[in-house]
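A short worksheet on the structure shown next.
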Amino acid sequence: MLPDNAKSVFKGEIFEIFQWEQKMYDDSIEIFEKISRPDTVEIIAITSDGKMIIQNQEQPDSTKRFLSVVGGRVDKGEKPFDAAKREMLEETGYSSDVWMDYSKETPSKKMIWDIYVYIAKNCIKTHDQKLDPGEKIDLIFVDMDEFLRLVDTGELKGLSPELKLKCVRAIYDPGLREQLKNDFFGG
């Protein structure tokens, strides 16, 4: 994803920026850049009674609370699926034995970053939440209609662009809505 001549010019806690010289079509040279960050996971969590778990959360860098799906960063050396299970348990206290690898998305060609989306079905409460020091998370349980409404109005943040688009389209496309319903709730 990076050319051999790319050099790291900045490395922060989350982001790293790379630059390299790139030959243009007219033989001139320009500086190109790409940013790298840890991959992330998103979990569409469905409880054993058919409710979708979303989070009402607050973080120190936010001026107000916001709604999101369960998710977080993949730690260095960690596999995305293991990160999804860990984030689910830490942020919600719920676990599942029924997981579906739903999608993998690379939202920008200028960033080295993949978003892995999983569906966790039949989620049950097994532990207390174990939140990071910078998290305050309350759980909200909604049906699919409310979930789609929250996505459509932009109230639900942090959903990968492709899944967000699919959810909004499902509001107006009965066939896609049925497919999404089957993905989320079907066997």
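The values are calculated or read from the model by the stated rules, or taken from the named source; none is laboratory data. All figures in this text were calculated on a predicted structure; none of them were measured in a lab. No Cβ is skipped: glycine too gets one built from the backbone with ideal geometry, and neighbour counts run over all protein chains shown.
Does residue 65 count as closer than 23 Å to residue 118 by Cα and either under 21 Å from the mean Cα position of the chain (by Cα) or modelled with pLDDT of 95 or more (or both)? So residue 65 fails the test. Among the criteria (1) outside the structural domain of residue 130 (by TED's automatic domain parsing); (2) part of a strand (DSSP E or B), the one residue 54 does not fulfil is (1). Condition check: over 18 Å from the mean Cα position of the chain (by Cα), surrounded by 14 or more Cβ atoms within 10 Å (Cβ to Cβ) and touching a residue at least 12 places away in the same chain (Cβ under 8 Å). Does residue 20 satisfy that? It is true that residue 20 is over 18 Å from the mean Cα position of the chain (by Cα), surrounded by 14 or more Cβ atoms within 10 Å (Cβ to Cβ) and touching a residue at least 12 places away in the same chain (Cβ under 8 Å). When 142, 151 are screened for being in the same structural domain as residue 54 (by TED's automatic domain parsing) and surrounded by 15 or more Cβ atoms within 10 Å (Cβ to Cβ), only 142 passes.
Quick test for you: out of 73, 65, 86, pick the one residue that is touching a helix residue (DSSP H, G or I) at 6+ places or on another chain (Cβ under 9 Å), assigned by TED's automatic domain parsing to the domain that holds residue 117, surrounded by 13 or more Cβ atoms within 10 Å (Cβ to Cβ) and among the basic types (Lys, Arg). Let's see the steps before the verdict.
Numbers: 65 fails: touching a helix residue (DSSP H, G or I) at 6+ places or on another chain (Cβ under 9 Å); 86 fails: touching a helix residue (DSSP H, G or I) at 6+ places or on another chain (Cβ under 9 Å).
Criteria check complete, one pass: 73.
Just one of the listed residues (157, 130) is among the basic types (Lys, Arg), touching a helix residue (DSSP H, G or I) at 6+ places or on another chain (Cβ under 6 Å) and not assigned by TED's automatic domain parsing to the domain that holds residue 16, namely 130.
Check 131, 165, 176 and return the single one that is of a type in the set (A, V, I, L, M, F, W, C) and assigned to a loop (DSSP other than H, G, I, E, B). Lay out the reasoning, then the answer.
Values: 165 fails: assigned to a loop (DSSP other than H, G, I, E, B); 176 fails: assigned to a loop (DSSP other than H, G, I, E, B).
Matching residue, one of 131, 165, 176: 131.
Kindly establish whether residue 134 is in contact with a Pro (Cβ under 6 Å, 6 or more places away or on another chain) and under 26 Å from residue 35 (Cα atoms). Answer is yes for this residue.
Going by the conditions given, is residue 3 part of a loop (DSSP other than H, G, I, E, B) and exposed (fewer than 13 other Cβ atoms within 10 Å of the Cβ)? Here the answer is yes, as residue 3 does meet what is asked.
Return the only residue of 138, 132, 143, 101 being among the charged types (D, E, K, R) and more than 21 Å from residue 66 (Cβ to Cβ). I'd like the intermediate steps shown before the answer.
Numbers: 138 fails: more than 21 Å from residue 66 (Cβ to Cβ); 132 fails: more than 21 Å from residue 66 (Cβ to Cβ); 143 fails: more than 21 Å from residue 66 (Cβ to Cβ).
Only one candidate qualifies: 101.
Any residue at all in segment 119-139 that is surrounded by 15 or more Cβ atoms within 10 Å (Cβ to Cβ) and among the hydroxyl-bearing types (Ser, Thr, Tyr)? Taking every residue of segment 119-139 in turn, none turns out to be surrounded by 15 or more Cβ atoms within 10 Å (Cβ to Cβ) and among the hydroxyl-bearing types (Ser, Thr, Tyr). Assess whether residue 44 counts as being part of a strand (DSSP E or B) and either buried (at least 18 other Cβ atoms within 10 Å of the Cβ) or in contact with a Gly (Cβ under 8 Å, 6 or more places away or on another chain) (or both). Yes: the conditions hold for residue 44.
Take the residues of segment 134-162 that are among the basic types (Lys, Arg) and in a strand (DSSP E or B): which is nearest to residue 58 (Cα to Cα)?
Per the stated criteria, the residue is 136.
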